[in-house]
Each structure stands twice: as C-alpha cells, then as structure tokens.
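Here the structure is laid out as structure tokens; the discussion comes afterwards.
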Amino acid sequence: MSDMATEVRAPGDALTFDPDAVRAAFPILDQEMNGRPMVFLDSGASTQKPEAVIAAEAEFYRHDYANIHRGVYDLSQRASDAFDGGRRKVQAFLGAADWREIVFTRNTTEAINLVAWSFLEPRLQPSDEILVTTMEHHSNIVPWQLVAMRHGAKVVAVPITDAGELNLAALREMIGPRTKMLACTWVSNVLGTVNPVAEIVGIAHAAGVPVLLDAAQAVQHVAVDVQEVGADFLAFSAHKIYGPSGVGVLYGKREHLEAMPPWQGGGGIVDRVTFEGTTYGEIPFRFEAGTPDIAGVHGLGTALDWFGQFDIRAVEAHEIRLMAEAQRALQQIPGLHALGDPRHRTGALSFWVDGLHHQDVGAMLDLDGIAIRTGHHCAQPLHRRFGLEGSARASFGIYNNEADVAALADSLRYIVRKYG
Ligand code: PMP
C-alpha cells in the first residue's frame, strides 16, 4: 500500500482507500500525452471510467441487451431488471425515500430544464423572481431565464464574496414573497466552493421557496443525502461520477413530481392515448419519454457500486489534501492568482497568470502531458465578478495523486519563469 493511503474506519466497517489501487482501475490513465506520462486534471468537465464500468456496459450489450418494460420475453426482462436496478442504486446513493423520486434524463442540464418547464413555468406570474447565485454554471441560469422570459419574471443572482463564498446575509434579504424558486449549486465548478446547502435550503423553506440543488460537482466529492439536506429537487450527471456520458438524474420530492405534467411527449409516459386526448402514466415514467439510455443507466448503477466501495469521507479527505497541496504550490509562483479562497473547497482550483492568456497556459501544460481546462467553464457571470473573461482550471478526481500535483506545479513554474 502506498504511504499516501488514507484509512478511515466507520462503525461496523473497515474501509481502506488506496489511491494507487484506485488509479490502476482506470485504464485510460496509463498512457502518454505528447510524449509524457498523462496527468489528467480535467475531471470537473468529465471523469474517466473504471474498468468495472467499461466492462459492465460491454457485457450488458453482449448478453443482456433488449428494449425494456414492454417485452414479455426473458431477455427484455433481464434488461428491464438491470435498468430498474440502476434506479434503485441511485435511490440508495441519494438517500431518497422512494424509487419513484428518481427520474432519468440525459444530463444535469436536461434535469434542470425539466424542473424549469414542468414545475416552475405553470406557476410563474409577471414580476416573480427566480433566485440563482453568481457562481452558477450556465446550465443553472439559462433554463430559468427561458421560462422567466415567457412570463415577464426575473432571474436574480445572489452575490458571492471575494473569497468565493455565497453571501448568506444577501440571500436572507433577497428572498421574499416574489421568489418562486431558488436554484443553487452544491459545489462550484470553478471555485470549488462547497456551499452550506442544508442551511441554504432552510433559509428558502422558511420563506416558502422550493429549492433545486445542482449537484453536478457534488456527488463525486462529498456525501449527498437528499433527505438530510431537504432539497425539493437535485440534479446530477453520471459522467461526473465515473459513469457513462448520456445519463443524468433528477431527484424530485414525490409530492412535487406527482403534481407535475409531462414536459416531453412520446412513448412510455402515457396511460391511454386517443385522438381526443391522452392520460399520463405514473411517476417517474411520466417524465421519461422514448427509449432511455438503457446500458447507460446500468453503467451508472455499476459506477455507483464501484464508488460505493470507498468511504466518501476518505475520498473527500484525499481530494482536499491534494487540492490544499496544489494551492500551496501554486501560491508560491509569482504572478499566479487563484480565484477565490473558500473555507470549504473541493474538486476544482482555478487561476490566472499575469501577462499570460489562460488558453496559452493550457496549451503549454498540454505539451507537458498535463490536461487542464481553460476558458469560462460555462460560468461567465462568475468570471465577470472577478473581472476576468476566463481562467485555467485544474480539477481533481479520485485517481489523482501527489505526483499529478507536483507535475502541474513544476510545469507552471517553468511556464511562468520563461513566459510570464
Ligand atoms: N452544473 C455544474 C456545476 C457543472 O459543473 C456542470 C458540468 N460542467 C453542469 C451543471 C452541466 O452538466 P451536464 O453538461 O452534464 O449537463
């Protein structure tokens, strides 16, 4: 076992988290990029997949694939069981009270659009407000703007501090009788800020405002329990938690989902169809028109099983330690500035360098085999808040290690010395 291993013992179990063993589970990481061992620091955009997930999808297509739910034959039954099993695994992972509260979508973006159109749009009146925050991803801004536009309602952003934390006092002041929804990210994809979501939900509920939490950057880094935080809705994407791309999840409280109309028409969502009118089926199927990504849902279930073998507290401790180390090393590079300095940070560390365009920084790191992301990271308002057009972002996953951090810091030191 490596000397970096973190051992966390929870009551009744003895889980060991060994970063070297974890890394070995990801075949893609064992390659060179531009003649150097690849250092993958772009998990915030999408995570890599462990062999278990790759193999499960391949096996599913080899042996168990058929369309689901409407077949009476054995193969369709097996495929349906795998798909339904995926839903139960998501339910358990999120701590949801009922499997019917789990709706499959294409991604986080589609899950948020579903809530915007099916839950919020029918309730909106002119001059209503939808509160978001300055640190939101465009996916948690634009869908609300689209529905707001229809009704003369407004999307209003709760400000953040210079440290990159949500201004809770401002939230308390801004929330009021006109507020119809609060949509807030759990973890910022740029700053890495972990928002105090239970407190935020408490503030909103005290004002009678329902809350959607964007958990796209949370599920893979921190413990998520929808009942504990009390969210009305929560969205995430399988591809951010070591699962396949093409599958997203919307959690919605049962009483909300049951009161919501379908938002896309098609097969699978109906009870009875006639040309005079159609009646709709039960939740969650009412929101899942058409053939879903069957193998993808099975892949997500496998990813959650794989991820679930680790104690989330050990994963979190490992990632926080790496990020703190990266922050320490980067801070010592003259002319390099980190965006924000939140007290609770995970997943992402964004920065800019005096005199260098972030895209050039990314391109030069690539020459050293280091993959980071540059640009606005779909968070233009956040960058504007810091007076920037974009930044460079290093983001971390379960498979990153201290060698990755050292390679990033070495390469940045060289770039800044030579070109900064
Ligand atoms: N919200 C946040 C915080 C994100 O980081 C992302 C992905 N970068 C999204 C939403 C959108 O996720 P997807 O593209 O999978 O819909």
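The values are calculated or read from the model by the stated rules, or taken from the named source; none is laboratory data. Everything quoted here is computed from the prediction, not taken from an experiment. Every residue, glycine as well, gets a Cβ built from its backbone with ideal geometry; the counts of neighbours run over all protein chains shown. What goes into the accessible areas is simple: the full protein's heavy atoms, side chains included, and nothing from ligands, DNA or RNA. Shrake-Rupley method; radii C 1.70, N 1.55, O 1.52, S 1.80 Å.
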Positions within the range 175-224 being assigned to a loop (DSSP other than H, G, I, E, B), more than 24 Å from SER118 (Cα to Cα) and more than 16 Å from the ligand (Cβ to nearest atom), in sequence order: PRO196, ALA223
- line: Flagged in the range 346-363 as assigned to a helix (DSSP H, G or I) and open to solvent by 40 Å² or more (accessible area, probe 1.4 Å), in numbering order, are GLN359, ASP360, ALA363
Set ARG343, ARG373, ARG313, ARG328: member being at pLDDT below 95 and open to solvent by 40 Å² or more (accessible area, probe 1.4 Å): ARG313
Filter result for ALA183 (open to solvent by less than 10 Å² (accessible area, probe 1.4 Å) and in contact (Cβ under 8 Å) with a residue 24 or more places away in the chain): yes
task: Could you check, for the range 329-336, whether at least one of its residues is touching a residue at least 40 places away in the same chain (Cβ under 8 Å), on the phi < 0 side of the Ramachandran plot and in a strand (DSSP E or B)?
output: yes
statement: Taking the range 107-118 and the residues there that are in contact with a Gly (Cβ under 6 Å, 6 or more places away or on another chain) and not polar (S, T, N, Q), the one that is surrounded by the fewest Cβ atoms within 10 Å (Cβ to Cβ) would be GLU110
Output for the range 367-384, where each listed residue is away from the ligand (no atom under 16 Å from the Cβ) and under 25 Å from the mean Cα position of the chain (by Cα): ILE370, ARG384
- prompt: Do we have PHE104 as outside any helix (DSSP H, G or I), closer than 26 Å to GLU258 by Cα and either open to solvent by less than 60 Å² (accessible area, probe 1.4 Å) or more than 16 Å from the ligand (Cβ to nearest atom) (or both) here?
  reply: yes
message: For PRO196, only one of the following conditions fails: (1) open to solvent by 20 Å² or more (accessible area, probe 1.4 Å); (2) within 21 Å of PHE386 (Cα to Cα). What is its number?
response: (2)
query: Does the range 302-309 include one or more residues that are modelled with pLDDT under 95 and over 21 Å from ARG385 (Cβ atoms)?
result: yes
field: Members of the range 119-155 found to be more than 16 Å from the ligand (Cβ to nearest atom), closer than 20 Å to ALA204 by Cα, part of a helix (DSSP H, G or I) and open to solvent by less than 20 Å² (accessible area, probe 1.4 Å), listed by number
entry: PHE119, LEU120, ALA148
One residue from GLY347, GLY355, GLY335 being within 16 Å of the ligand (Cβ to nearest atom) and either of a type outside the set (Val, Ile, Thr) or not assigned by TED's automatic domain parsing to the domain that holds GLU136 (or both): GLY347
